[in-house]
Amino acid sequence: MENTGLVIARHGESRCGREGVVGGPRGCTGLTELGRWQAARLAAVLAKEHDAKRFAALYATSVRRVAETAEIVAARLDLPLTVADDLRDPDYGEADGRPWREVLSEVRAGPEDGLEIAIAPGAETWKDYFVRVTAGLTRLLDRHHGERILVIGHGETVTAAAHLFLRLPPDVRVHAGFEVTPTGITRWERQALVPGIRERHHRWVQVTHNDTAHLGGAGMASEGEARP
């Protein structure tokens, strides 16, 4: 049986990210033209990877910027697309669709308090989000043990996976983070510590982080999103 593998690609540049708008179901209006170009480049490199070492499944969230990226990838790879909405971005509640600058100016809490305090009525805290997404990733990996899967998601998806595999507590996010640019690819593989030994002696290894070689140095600027 081959090693279990998880490949996570962030969506392409979004209009809400370019405009600094909170991008929940209301605020997200899809990809920019640059974002669609990035998604096409992403699809091309993932297609080559798929030909060499096939993905068993493709998952994405229903958030518009992710769905548009995933549809481009799915068509190029000729893989069915499955919605995994428990991997979606944090729920922003009443902040959805408002300018980030305005929303954050109303938050009366420091960064550490923000782990426990929602940025607006109806929004998730980071800890609530963390529990939801790490549980969702764990279910997918259990379902596809011994297979490689592809997830089109958010920067937060990459961060949550790193916390899960490295066993980092949620509050580490206050002190350190993970840079994830549009269509950056992060690859994880479950490998044996020593070849040929028992199952319990495996560990998760990050093979690449935020790989943007497919963009060829173009279109690599981070979105101007303010984040809590």
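The criterion of being touching a Phe, Trp or Tyr at 6+ places or on another chain (Cβ under 8 Å) and crowded, with 17+ Cβ neighbours inside 10 Å holds for A160.
Of the listed requirements (1) out of contact with any helix residue (DSSP H, G or I) (no Cβ under 7 Å at 6 or more places or on another chain); (2) under 23 Å from R26 (Cβ atoms), D89 misses just one: (1). Here L193, L168, L141 are screened, and the one residue that is in contact (Cβ under 8 Å) with a residue 60 or more places away in the chain and of a type outside the set (D, E) is L141. Scanning region 1-23 for residues that are surrounded by fewer than 22 Cβ atoms within 10 Å (Cβ to Cβ) and β-branched (V, I, T) returns a single hit, T4.
Inside region 45-60, residues that are more than 9 Å from H11 (Cβ to Cβ) and either outside any helix (DSSP H, G or I) or touching a helix residue (DSSP H, G or I) at 6+ places or on another chain (Cβ under 8 Å) (or both) make up a count of 11.
For region 35-67, the set of residues classified as more than 18 Å from D211 (Cβ to Cβ), surrounded by fewer than 21 Cβ atoms within 10 Å (Cβ to Cβ) and not small (G, A, S) consists of R36, R54, R64, listed by residue number.
Each residue in region 171-188 was checked for being under 23 Å from E68 (Cβ atoms), in contact (Cβ under 8 Å) with a residue 60 or more places away in the chain and either of a type in the set (A, V, I, L, M, F, W, C) or open to solvent by 50 Å² or more (accessible area, probe 1.4 Å) (or both), and 2 of them qualify.
Report yes if P121 is assigned to a loop (DSSP other than H, G, I, E, B) and either within 19 Å of E189 (Cα to Cα) or out of contact with any Ser or Thr (no Cβ under 9 Å at 6 or more places or on another chain) (or both), otherwise no. The answer is yes for P121. Take the conditions outside any strand (DSSP E or B), open to solvent by 60 Å² or more (accessible area, probe 1.4 Å) and either hydroxyl-bearing (S, T, Y) or closer than 23 Å to F130 by Cα (or both) and apply them to R26. Does it pass? It is true that R26 is outside any strand (DSSP E or B), open to solvent by 60 Å² or more (accessible area, probe 1.4 Å) and either hydroxyl-bearing (S, T, Y) or closer than 23 Å to F130 by Cα (or both).
Inspect all residues belonging to region 35-44 and state whether any of them is outside any helix (DSSP H, G or I), touching a Lys or Arg at 6+ places or on another chain (Cβ under 8 Å) and closer than 28 Å to W126 by Cβ. Checked region 35-44: no residue is outside any helix (DSSP H, G or I), touching a Lys or Arg at 6+ places or on another chain (Cβ under 8 Å) and closer than 28 Å to W126 by Cβ. When the residues of region 78-115 are filtered to those that are open to solvent by 60 Å² or more (accessible area, probe 1.4 Å), modelled with pLDDT under 90 and part of a loop (DSSP other than H, G, I, E, B), which remaining residue is nearest to G23 (Cα to Cα)? Ranking the qualifying residues of region 78-115, first place goes to E106. The listed residues are L168, L140, and the only one of them that is open to solvent by less than 60 Å² (accessible area, probe 1.4 Å) and not in a helix (DSSP H, G or I) turns out to be L168.
The values are calculated or read from the model by the stated rules, or taken from the named source; none is laboratory data. Because the structure is a prediction, the values reported are computed rather than measured. Cβ sites come from the backbone with ideal geometry, for glycine too, and all protein chains shown count toward neighbours. With ligands, DNA and RNA removed, areas are computed over all heavy atoms of the protein, side chains included. Shrake-Rupley method; radii C 1.70, N 1.55, O 1.52, S 1.80 Å.
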